[in-house]
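The values are calculated or read from the model by the stated rules, or taken from the named source; none is laboratory data. Everything numeric in this text was worked out from a predicted model, so none of it was measured. As a convention, Cβ positions derive from the backbone with ideal geometry for all residues, glycine included, and neighbour counts pool all protein chains shown. Only protein heavy atoms, including side chains, enter the accessible area calculation; ligands, DNA and RNA are left aside. Shrake-Rupley method; radii C 1.70, N 1.55, O 1.52, S 1.80 Å.
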Amino acid sequence: MVSPSPPGRTRRLLLAVAAAGLVTAGGLWLYQDLARRGDFTSDPRPCSLVTAQTARLVAGPAQGVEAGSACVWAGPGPGRDPQPVLEVRVTRLGTREAWEDFRRVKEQSEGKTGPMTAELTDFGDEAFSRIRNSDGPRVTSEVWFRRGNVVVAVRYAPADGGLDPSQAGAYEVATEAAARLGKGN
């Protein structure tokens, strides 16, 4: 024959189980909330990541035009020649989603641009550069980097279409964007 538990003991056991459940649920909610938010809790403004001086050096006297998560500077080209174009795109996601998005973009690059894709180490948690349209008359260089839950893409196509100016311009703008992103701009 089993003897019944004293009423106080049963009540304490039920309270302990309920408290443990609340702590576990609260911990899971907090963990998911922190994992979703990541380092940045608001969207960085893409035009604020590049100074007017740097944009002018790269894209000419154009003003940055912000549209959603991107800022575009399109400078005047000489005559009918193409104009230089600079774009900075910022995407804020949850930390895991940012990591997955960055990996997806990087994997899509591998094998398509061959030796034109390079790993970079000086921008954030991870970074790479790639060359687009390298077989045409105009070259577009891209630098992608992830810092926490933010993915930044810098695209630069100079008016002259050369590989060296394209890479140098994209790298210079990405360097400044990473520095300014770190300062909370």
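A count restricted to the stretch 130-182 and to residues that are open to solvent by 20 Å² or more (accessible area, probe 1.4 Å), in contact (Cβ under 8 Å) with a residue 60 or more places away in the chain and over 17 Å from VAL105 (Cβ atoms) stands at 4. Scanning the stretch 37-61 for residues that are over 26 Å from GLY148 (Cβ atoms) and open to solvent by 40 Å² or more (accessible area, probe 1.4 Å) yields ALA52, GLN53, ARG56, LEU57, PRO61.
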